[in-house]
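Student: Take this structure, written in structure tokens, and hold onto it; I'll ask about it next.
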There are 2 protein chains.
Amino acid sequence: MEQVAFIGLGNMGFPMAGHLANRGYEVVVYNRTTCVAQRWVKEYGGTYKLTPAAAAAEADLVITCVGNDEDLHAVLQGGDGVFSAMRAGSVLVDHTTASAQKARELAEFAAIKGCGFLDAPVSGGQLGAEQGALTIMVGGEAGVFKQVESMLSCYAKTIRLMGPVGAGQLTKMVNQICVAGLLQSLAEGLHFAEQAGLDVEAVMQVVSQGAASSWQMQNRYQTMLDGKFDFGFAVKWMRKDLRYVLDEARKQGAQLPVTALVDQFYADVETMGGADWDTSSLIQRLRCR
Amino acid sequence: MEQVAFIGLGNMGFPMAGHLANRGYEVVVYNRTTCVAQRWVKEYGGTYKLTPAAAAAEADLVITCVGNDEDLHAVLQGGDGVFSAMRAGSVLVDHTTASAQKARELAEFAAIKGCGFLDAPVSGGQLGAEQGALTIMVGGEAGVFKQVESMLSCYAKTIRLMGPVGAGQLTKMVNQICVAGLLQSLAEGLHFAEQAGLDVEAVMQVVSQGAASSWQMQNRYQTMLDGKFDFGFAVKWMRKDLRYVLDEARKQGAQLPVTALVDQFYADVETMGGADWDTSSLIQRLRCR
């Protein structure tokens, strides 16, 4: 595989596509806002196209990294979408955090075109994308996975096949479930410490040594204390992910009471003007009452 | 300080008192169930007494490590309690996880007797107590803290003065707040993964590398998958701690919606017969619906 089409040059896709170009692959990009694609070509070489179909027409591997299910429909299944032009024998890898149902639907569309499909949501954030150190959770067939694994390693430190199509999305959902309640409990702990008049930094230094410790505690308590939320993973994206989580839980018959509650708390944060704040901003909701 | 009275030889107190004896202090013990005190003396030397007052009468340092506020009242403020016999100039250190209000009350009683007081709840569990590697969160005066710090180090790897009397208990409360919601979110993540038919061990290996990772995930996911809960920190003790947490939050004007909800979930676990199960048993409640 030599030519890659990369669809979606957001905070994540822009550096990811860059890693592919730097590794010597021929990269053709498409982005909804064309000036971003032009900026990418200026930085990394390669070419940009004005439609997803044009970008995908000659590609061996088509990669999508867009916002949600609806964006996927637009770039893949629309009139100038990837599926209208994709070559038989090529592979589609989707890095969007989307629904498992959408992944299964896209796999069916791809099969009709004689193409392979992998759902491959990532974790590690913008920093992980820039450093080429993402974790990729993949759903799909082992044969397809082996075809593209080395190319995905351009921007990942861990790539793992989790099961059939959809398993990548379901694994990412588990990640978001664990994060949501964890962040709320950290916010409640900090809020309690503040209200009780404790030296909150000293408290965090002590409790982070034992059974309460977490990546979020170690990496977010200071910014939460400082009220700094203009970075990281935005509330609006977390709400999108939790929508897929809660829909899927309903289908699977899984009870997620705290996850559902925290989703509602994020709705409060959005009402407070925090749609673009980091997910650790749950503490602002407690402070503002 | 040479002579120590140790009141309360439970899973924690038994090895903690043992570390003091092994370090050469003269230890006099009291336990509500006398045969445990006899067993302790057989193992570590020292002497046991039949009342808290008798144990404390000659002590420079009196240490309590009992179950809750009511137990503290019984061993300290009752007819044969420590305060009826404690010498002026001695110090009382309480390792019980109790209310901050009780800590302040005991400090006042101690002051009347001319004694120092520190509230000093611990974390690290039975294993930490056995290995002498506990974390101690202390509330009280710096002068009193300095008097006893080296003795407490017999069974602690971290000892930190957090503020005035009560600050030790309040810090421990922050720890329990952070743990409660975190464990529920981990339980929801595992439950979702099970219901979705994922390879749950593979999922945990992947998500524990990033923003969802926690001590609880790393140390409890396997036993949660195995349905093994006959170890660790019991639900009934967590509920006791959360009672103090929620009472204190009401006083401080702190909102703890998820902590309060998880406390109710632990009530379900108790109804299921799980009062003595490890706190990670929240997942059983989700599985049993």
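The values are calculated or read from the model by the stated rules, or taken from the named source; none is laboratory data. As the structure is a computational prediction, the values presented were derived from the model and not from experiment. Neighbour counts are summed over all protein chains in view; Cβ atoms, including those assigned to glycine, are modelled from backbone coordinates with ideal geometry. The accessibility values were calculated without ligands, DNA or RNA, using every heavy atom of the protein model including side chains. Shrake-Rupley method; radii C 1.70, N 1.55, O 1.52, S 1.80 Å.
Student: Which count do you get for residues in segment B:214-223 that are more than 30 Å from B:S99 (Cα to Cα) and either outside the structural domain of B:L186 (by TED's automatic domain parsing) or touching a Leu at 6+ places or on another chain (Cβ under 8 Å) (or both)?
Tutor: The total comes to 1.
Student: Next question, about the same structure. Out of (1) modelled with pLDDT of 95 or more; (2) over 16 Å from A:I283 (Cα atoms), what's the single condition that is false for A:F229?
Tutor: (2)
Student: Counting only residues that are open to solvent by less than 20 Å² (accessible area, probe 1.4 Å) and out of contact with any Leu (no Cβ under 7 Å at 6 or more places or on another chain), which one in segment A:135-167 is farthest from the other protein chains (Cβ to nearest Cβ)?
Tutor: A:L152
Student: Which members of segment A:45-72 meet the condition of being open to solvent by 10 Å² or more (accessible area, probe 1.4 Å), in contact (Cβ under 8 Å) with a residue 12 or more places away in the chain and out of contact with any Phe, Trp or Tyr (no Cβ under 9 Å at 6 or more places or on another chain)?
Tutor: A:G45, A:T47, A:A57, A:E58, A:D60, A:V66, A:D71
Student: Moving on. In segment A:23-54, how many are part of a helix (DSSP H, G or I), farther than 24 Å from A:L134 by Cα and hydroxyl-bearing (S, T, Y)?
Tutor: The first filter runs over segment A:23-54 and keeps only residues part of a helix (DSSP H, G or I), leaving A:34-44, A:52-54.
Those left that are additionally farther than 24 Å from A:L134 by Cα: A:34-35, A:38, A:42, A:52-54.
Now drop any that are not hydroxyl-bearing (S, T, Y), which leaves A:34.
Result for segment A:23-54: 1.
Student: Can you work out which of the residues in segment B:238-259 that are surrounded by fewer than 16 Cβ atoms within 10 Å (Cβ to Cβ) and in a helix (DSSP H, G or I) is nearest to the other protein chains (Cβ to nearest Cβ)?
Tutor: First, pick out the residues of segment B:238-259 that are surrounded by fewer than 16 Cβ atoms within 10 Å (Cβ to Cβ): B:243, B:247, B:250-251, B:253.
Now narrow it down to the ones that are in a helix (DSSP H, G or I): B:243, B:247, B:250-251.
Details: B:R243: 15, B:D247: 12, B:R250: 11, B:K251: 9 Å.
Applying the filter and picking the extreme gives B:K251.
Student: If B:T223 satisfies every condition in (1) touching a residue at least 40 places away in the same chain (Cβ under 8 Å); (2) within 11 Å of chain A (Cβ to nearest Cβ); (3) surrounded by fewer than 21 Cβ atoms within 10 Å (Cβ to Cβ) but one, which is the exception?
Tutor: (2)
Conditions (1) under 27 Å from B:D69 (Cβ atoms); (2) over 23 Å from the mean Cα position of the chain (by Cα); (3) not assigned by TED's automatic domain parsing to the domain that holds B:V122, marked per residue:
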{"site": "B:L190", "(1), (2), (3)": "no, yes, yes"}
{"site": "B:A212", "(1), (2), (3)": "no, yes, yes"}
{"site": "B:F231", "(1), (2), (3)": "yes, no, yes"}
{"site": "B:M238", "(1), (2), (3)": "yes, no, yes"}
{"site": "B:R250", "(1), (2), (3)": "yes, no, yes"}
{"site": "B:M272", "(1), (2), (3)": "yes, yes, yes"}
{"site": "B:S281", "(1), (2), (3)": "yes, no, yes"}
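Student: Which ones in segment A:106-127 are open to solvent by 10 Å² or more (accessible area, probe 1.4 Å), part of a helix (DSSP H, G or I) and not aromatic (F, W, Y)?
Tutor: Listed by number, the residues that qualify are A:A107, A:E108, A:A111, A:I112, A:G125, A:Q126, A:L127.
Student: Yes or no: segment B:179-192 includes at least one residue that is more than 19 Å from B:L106 (Cα to Cα) and surrounded by fewer than 24 Cβ atoms within 10 Å (Cβ to Cβ). Give the derivation first.
Tutor: First, the residues of segment B:179-192 that are more than 19 Å from B:L106 (Cα to Cα): B:179-192.
Of the ones still in play, those that are also surrounded by fewer than 24 Cβ atoms within 10 Å (Cβ to Cβ) are none.
Within segment B:179-192, not a single residue is more than 19 Å from B:L106 (Cα to Cα) and surrounded by fewer than 24 Cβ atoms within 10 Å (Cβ to Cβ).
Student: So the check is Cβ under 8 Å with 6+ separation or different chains; which pairs have a first residue in segment B:1-15 that's outside any loop (DSSP other than H, G, I, E, B) and a second one that's at pLDDT below 95?
Tutor: B:P15/B:Q126
Student: Is there any pair with a first residue in segment B:129-141 that is in the same structural domain as B:N11 (by TED's automatic domain parsing) and charged (D, E, K, R) and a second that is surrounded by 18 or more Cβ atoms within 10 Å (Cβ to Cβ) and not in a strand (DSSP E or B) whose Cβ atoms are under 7 Å apart and which are 6 or more apart or on different chains, and what are they?
Tutor: B:E130/B:P15
Student: Can you confirm whether B:R160 is assigned to a strand (DSSP E or B), within 22 Å of B:D241 (Cβ to Cβ) and either of a type in the set (K, R) or under 15 Å from the mean Cα position of the chain (by Cα) (or both)? Give the derivation first.
Tutor: Details: assigned to a strand (DSSP E or B): yes; within 22 Å of B:D241 (Cβ to Cβ): yes; either of a type in the set (K, R) or under 15 Å from the mean Cα position of the chain (by Cα) (or both): yes.
Considered against the rule, which asks whether it is assigned to a strand (DSSP E or B), within 22 Å of B:D241 (Cβ to Cβ) and either of a type in the set (K, R) or under 15 Å from the mean Cα position of the chain (by Cα) (or both), B:R160 comes out as yes.
Student: When the residues of segment B:271-289 are narrowed to those that are more than 9 Å from every other protein chain (Cβ to nearest Cβ) and not in a helix (DSSP H, G or I), which ends up surrounded by the most Cβ atoms within 10 Å (Cβ to Cβ)?
Tutor: So the residue we want is B:W277.
Student: Say whether the condition of being free of Cβ contacts under 8 Å to residues at least 40 places away in the same chain and either over 30 Å from A:G163 (Cβ atoms) or assigned by TED's automatic domain parsing to the domain that holds B:V27 (or both) is met by at least one residue in segment B:174-183. Write out each step before concluding.
Tutor: Here is the first cut: in segment B:174-183, the residues free of Cβ contacts under 8 Å to residues at least 40 places away in the same chain are B:174, B:178, B:182.
If we keep only those that are either over 30 Å from A:G163 (Cβ atoms) or assigned by TED's automatic domain parsing to the domain that holds B:V27 (or both) too, we end up with B:174, B:178.
Taking every residue of segment B:174-183 in turn, at least one turns out to be free of Cβ contacts under 8 Å to residues at least 40 places away in the same chain and either over 30 Å from A:G163 (Cβ atoms) or assigned by TED's automatic domain parsing to the domain that holds B:V27 (or both).
Student: Right, another one. Given the condition outside any strand (DSSP E or B), modelled with pLDDT of 95 or more, assigned by TED's automatic domain parsing to the domain that holds B:L152 and in contact with a Cys (Cβ under 6 Å, 6 or more places away or on another chain), answer yes or no: does some residue in segment B:55-72 qualify?
Tutor: If we filter segment B:55-72 for residues that are outside any strand (DSSP E or B), which is where we start, we get B:55-60, B:65-72.
If we keep only those that are modelled with pLDDT of 95 or more too, we end up with B:55-60, B:65-72.
Those left that are additionally assigned by TED's automatic domain parsing to the domain that holds B:L152: B:55-60, B:65-72.
So of that shortlist, the ones also in contact with a Cys (Cβ under 6 Å, 6 or more places away or on another chain) come out as none.
Looking for residues that are outside any strand (DSSP E or B), modelled with pLDDT of 95 or more, assigned by TED's automatic domain parsing to the domain that holds B:L152 and in contact with a Cys (Cβ under 6 Å, 6 or more places away or on another chain), one finds none in segment B:55-72, hence no.
Student: Continuing with the same structure: Test B:D268 against the criterion of being surrounded by fewer than 22 Cβ atoms within 10 Å (Cβ to Cβ) and either in a helix (DSSP H, G or I) or within 12 Å of another protein chain (Cβ to nearest Cβ) (or both), and give yes or no. Show your work before the answer.
Tutor: On the way: surrounded by fewer than 22 Cβ atoms within 10 Å (Cβ to Cβ): yes; either in a helix (DSSP H, G or I) or within 12 Å of another protein chain (Cβ to nearest Cβ) (or both): yes.
Criteria met by B:D268.
Student: Name the residues in segment B:192-216 that are part of a helix (DSSP H, G or I), of a type in the set (A, V, I, L, M, F, W, C), in contact with a helix residue (DSSP H, G or I) (Cβ under 7 Å, 6 or more places away or on another chain) and within 7 Å of chain A (Cβ to nearest Cβ), would you?
Tutor: Keep residues of segment B:192-216 that are part of a helix (DSSP H, G or I), which gives B:192-195, B:200-207, B:215-216.
Adding the requirement that they be of a type in the set (A, V, I, L, M, F, W, C) leaves B:192-193, B:200, B:202-204, B:206-207, B:215.
Those still in the list that are in contact with a helix residue (DSSP H, G or I) (Cβ under 7 Å, 6 or more places away or on another chain) too: B:192-193, B:200, B:203-204, B:206-207.
Of everything in segment B:192-216, those that are part of a helix (DSSP H, G or I), of a type in the set (A, V, I, L, M, F, W, C), in contact with a helix residue (DSSP H, G or I) (Cβ under 7 Å, 6 or more places away or on another chain) and within 7 Å of chain A (Cβ to nearest Cβ) turn out to be B:F192, B:A193, B:V203, B:V206, B:V207.
Student: For A:V262, are the conditions met, namely being β-branched (V, I, T), more than 20 Å from A:G128 (Cβ to Cβ) and at the interface with another protein chain (Cβ under 8 Å from one of its Cβ atoms)? Lay out the reasoning, then the answer.
Tutor: Details: β-branched (V, I, T): yes; more than 20 Å from A:G128 (Cβ to Cβ): yes; at the interface with another protein chain (Cβ under 8 Å from one of its Cβ atoms): yes.
In short, yes.
Student: Right, something else. Restrict the check to segment A:112-128 and report whether at least one residue is charged (D, E, K, R), in contact (Cβ under 8 Å) with a residue 60 or more places away in the chain and either closer than 24 Å to A:K236 by Cα or not assigned by TED's automatic domain parsing to the domain that holds A:V66 (or both).
Tutor: Keep residues of segment A:112-128 that are charged (D, E, K, R), which gives A:113, A:119.
Subsequent filtering for residues that are in contact (Cβ under 8 Å) with a residue 60 or more places away in the chain retains none.
Scanning segment A:112-128, I find no residue that is charged (D, E, K, R), in contact (Cβ under 8 Å) with a residue 60 or more places away in the chain and either closer than 24 Å to A:K236 by Cα or not assigned by TED's automatic domain parsing to the domain that holds A:V66 (or both), so the answer is no.
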